[in-house]
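Engineer: The structure that follows is given in the form of structure tokens.
The values are calculated or read from the model by the stated rules, or taken from the named source; none is laboratory data. The shown structure was predicted, so the numbers you read here are calculated from the model rather than taken from an experiment. Glycine also receives a Cβ, built like all others from the backbone with ideal geometry; neighbour counts cover every protein chain displayed. Only protein heavy atoms, including side chains, enter the accessible area calculation; ligands, DNA and RNA are left aside. Shrake-Rupley method; radii C 1.70, N 1.55, O 1.52, S 1.80 Å.
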Amino acid sequence: MSAAAIQAPAGAMLKLLEELAAFSAPGPGVTRLLYTQEWCAAQRHISETMAELGLDVRSDRVGNVYGRLAGTADDVGAGDKVILTGSHIDTVRCGGKYDGAYGIAAAVTALGYLRQRFGPPLRTVEAVSFSEEEGSRFPLAFWGSGHVTGLYNGSEAERTADPAGVTLRQAMEACGLPPFGPAGSGDAISGSSAGAGVPSGIAAYIELHIEQGIVLEEAGLSLGVVEAIVGQRRAELILRGSANHAGTTPMGLRRDALAGAAEMLAGMEGLAVTAGDPLVATSGRLETFPGTPNVIPGEVRFTVDIRHSESAVLEDFCTRLFADFAAIAARRGLELQVKETLSTSPAAMDHQLRRSLERICREQGRSWRSMVSGAGHDAQLFAPLCPAAMLFVPSRGGISHAPEEYTSPEELAAGLDILTMLLYELAYR
Ligand SMILES: [Zn+2]
């Protein structure tokens, strides 16, 4: 089948994307937090669109919505696996209309088109709209894909609450989801809607997403084939010295916590630059105490966020960094406490799926590069369990999680084309 013969309707995808953007709390931008009215309306709209396109629609107990094209050569209930493609429907506060929603709109459009053009596939393929990925309303992320991949067992629903004190369970019930039972009672990728053992039921997970960075735009390229999603280490650090008079304490007799933190962070930047791409190191928050202009800071609290696509490099960097921090603290007579707050492993994307995406890009005459994702995505949860792949389209100015988030219709259409071709190859050949 030549590339020209397979072309999903980009107009329908763009229309769906605009429709989804309208399901938002008041602006600026799009705000669609988990289990809010806007969220419910969006998932309902996706269900209806899937049904109109002839997909078999169902949802699971956390509100993930699936649209299935059953394979004629498959008996999914008997153990054959599903090719899954999609992304997340939730947004950050005042985010853009492409993050997450694009991957869903493209998946739904591609499946609707393939069904209409080629009829039922040989192998079962399913579009998914995950309930949550961003962690914007409740203090946990990947609630949708984490439910499918076993990251969560459901006990979180009772003990996790939003800032207003509403628990996940209450929020689910308020938007009409069935009473939240024990894990495995209604989450099904595999065949029947009561099936458990979800991860084993997935043949592949493919996610189309905006880059949320500036690499593709800077290089003037249409597409990014993701080779890995970075692993992350985050830590909160407390550095204690002694607060004292800014006028009467000679420089040689100070235990200035902020001067120590400044030396640490300048050192961290140097180490990171030396390590080179794709290593990134950030301190996004720093507070000084007592925080008074004429008092030497006696205490500083700050965060670090370190990312790289290879576990060994990430480990080595963090080991070296925290050893340097300890040495600086000791030399300055400061007390250092380090509390790790997040540790995720890098997720390698499937080699064969990457090669297929790259070949399709070449065949379609699209410019592309292989790249690392510095942001987390649903695909990273699937990568340890089944072949997973991600494809990026450019983000204008590298801007995301903001109302200014933008990707041109042509670039969005190019991503849809490649996704559709890959799904055709996987499901129909
Ligand atoms: Zn996203």
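Engineer: Can you run down the residue pairs with Cβ atoms below 7 Å, 6 or more apart or on separate chains, where the first is in region 209-230 and on the phi < 0 side of the Ramachandran plot and within 13 Å of the ligand (Cβ to nearest atom) and the partner is assigned to a helix (DSSP H, G or I) and not acidic (Asp, Glu)?
Structural biologist: Qualifying pairs under 7 Å: 209/102; 209/103; 210/102; 213/398; 229/379; 229/380.
Engineer: Sticking with this one: Give me the residue from region 207-232 that is over 16 Å from the mean Cα position of the chain (by Cα) and not in a loop (DSSP other than H, G, I, E, B) and, out of that set, nearest to residue 281 (Cα to Cα). Reasoning before the result, please.
Structural biologist: Step one: filter region 207-232 for residues over 16 Å from the mean Cα position of the chain (by Cα), giving 214-223.
In the following step, the residues that additionally are not in a loop (DSSP other than H, G, I, E, B) were identified as 215-219, 223.
Values: 215: 18, 216: 21, 217: 22, 218: 21, 219: 23, 223: 26 Å.
This residue is 215.
Engineer: Taking the residues in region 107-134 that are touching a Leu at 6+ places or on another chain (Cβ under 9 Å) and more than 18 Å from residue 429 (Cα to Cα) as candidates, determine which candidate is farthest from the ligand (Cβ to nearest atom).
Structural biologist: Start the filter on region 107-134 by keeping residues that are touching a Leu at 6+ places or on another chain (Cβ under 9 Å), which leaves 107-116, 120-121, 123-128, 131-132, 134.
Still in the running and more than 18 Å from residue 429 (Cα to Cα): 107-109, 127-128, 131-132, 134.
Values: 107: 13, 108: 16, 109: 18, 127: 16, 128: 14, 131: 13, 132: 11, 134: 7 Å.
Looking at residues that are touching a Leu at 6+ places or on another chain (Cβ under 9 Å) and more than 18 Å from residue 429 (Cα to Cα), I get 109.
Engineer: Here is a check on your reading of the model: is residue 385 more than 22 Å from residue 303 (Cα to Cα), touching a Pro at 6+ places or on another chain (Cβ under 8 Å) and away from the ligand (no atom under 16 Å from the Cβ)?
Structural biologist: Numbers: more than 22 Å from residue 303 (Cα to Cα): yes; touching a Pro at 6+ places or on another chain (Cβ under 8 Å): yes; away from the ligand (no atom under 16 Å from the Cβ): yes.
Taking the combined requirement at face value, the residue satisfies it.
Engineer: Within region 335-429, which helices (runs of 4 or more DSSP H) (wholly inside it) include 1 or more residues that are under 20 Å from residue 151 (Cα atoms)? Reasoning before the result, please.
Structural biologist: Values: elements: 351-363, 379-382, 409-428.
In region 335-429, the matching helices (runs of 4 or more DSSP H) lie at 379-382.
Engineer: Just checking, does region 235-254 include any residue being within 25 Å of the chain's Cα centre (by Cα) and open to solvent by 20 Å² or more (accessible area, probe 1.4 Å)?
Structural biologist: Within region 235-254, the first condition is being within 25 Å of the chain's Cα centre (by Cα), and the residues that meet it are 235-236.
Filter once more, keeping what is open to solvent by 20 Å² or more (accessible area, probe 1.4 Å): 236.
Looking for residues that are within 25 Å of the chain's Cα centre (by Cα) and open to solvent by 20 Å² or more (accessible area, probe 1.4 Å), one finds at least one in region 235-254, hence yes.
Engineer: Could you list, in sequence order, the residues of region 255-271 that are open to solvent by less than 60 Å² (accessible area, probe 1.4 Å), without any contact (Cβ under 8 Å) to a residue 40 or more places away in the chain and closer than 30 Å to residue 347 by Cβ?
Structural biologist: Those that are open to solvent by less than 60 Å² (accessible area, probe 1.4 Å), without any contact (Cβ under 8 Å) to a residue 40 or more places away in the chain and closer than 30 Å to residue 347 by Cβ: 265, 270.
Engineer: For region 294-326, give me each residue that is loosely packed, with under 13 Cβ neighbours inside 10 Å and closer than 18 Å to residue 240 by Cα.
Structural biologist: 294, 323 - these are the residues of region 294-326 that are loosely packed, with under 13 Cβ neighbours inside 10 Å and closer than 18 Å to residue 240 by Cα.
Engineer: While we're here: Are any residues in region 135-153 without any contact (Cβ under 8 Å) to a residue 40 or more places away in the chain and more than 16 Å from the ligand (Cβ to nearest atom), and if so, which ones? Talk me through it step by step, then tell me what you get.
Structural biologist: Pass one, region 135-153, residues without any contact (Cβ under 8 Å) to a residue 40 or more places away in the chain: 135, 139-140, 152-153.
Within region 135-153, 139, 152, 153 meet the criteria.
Engineer: Restricting region 62-94 to residues that are within 16 Å of the ligand (Cβ to nearest atom) and assigned to a loop (DSSP other than H, G, I, E, B), which is most open to solvent (accessible area, probe 1.4 Å)?
Structural biologist: Ranking the candidates gives 93 first.
Engineer: Shifting gears a bit: Would you mind stating whether residue 345 is of a type in the set (S, T, N, Q) and under 21 Å from residue 414 (Cα atoms)? Working first, answer last.
Structural biologist: Details: of a type in the set (S, T, N, Q): yes; under 21 Å from residue 414 (Cα atoms): no.
So residue 345 fails the test.
Engineer: Answer yes or no as to whether residue 51 is within 16 Å of the ligand (Cβ to nearest atom), out of contact with any Cys (no Cβ under 8 Å at 6 or more places or on another chain) and part of a helix (DSSP H, G or I). First the steps, then the outcome.
Structural biologist: Values: within 16 Å of the ligand (Cβ to nearest atom): no; out of contact with any Cys (no Cβ under 8 Å at 6 or more places or on another chain): yes; part of a helix (DSSP H, G or I): yes.
Spelling it out, it is not the case that residue 51 is within 16 Å of the ligand (Cβ to nearest atom), out of contact with any Cys (no Cβ under 8 Å at 6 or more places or on another chain) and part of a helix (DSSP H, G or I).
Engineer: Please tell me if residue 340 is modelled with pLDDT under 95 and loosely packed, with under 14 Cβ neighbours inside 10 Å.
Structural biologist: On the way: modelled with pLDDT under 95: yes; loosely packed, with under 14 Cβ neighbours inside 10 Å: yes.
When the stated conditions are applied, residue 340 passes them.
Engineer: Here's something else I'd like to know. Exactly one condition in (1) among the charged types (D, E, K, R); (2) over 19 Å from residue 212 (Cα atoms); (3) surrounded by 17 or more Cβ atoms within 10 Å (Cβ to Cβ) is false for residue 378; which is it?
Structural biologist: In the conditions (1) among the charged types (D, E, K, R); (2) over 19 Å from residue 212 (Cα atoms); (3) surrounded by 17 or more Cβ atoms within 10 Å (Cβ to Cβ), residue 378 misses (2) alone.
Engineer: How many of the residues in region 233-257 are assigned to a strand (DSSP E or B) and under 30 Å from residue 318 (Cβ atoms)? If you could, list the steps in order and put the result at the bottom.
Structural biologist: We begin by selecting, within region 233-257, every residue assigned to a strand (DSSP E or B); these are 233-240, 244-245.
Remaining after also requiring under 30 Å from residue 318 (Cβ atoms): 233-240.
Summing the residues that are assigned to a strand (DSSP E or B) and under 30 Å from residue 318 (Cβ atoms) in region 233-257 gives 8.
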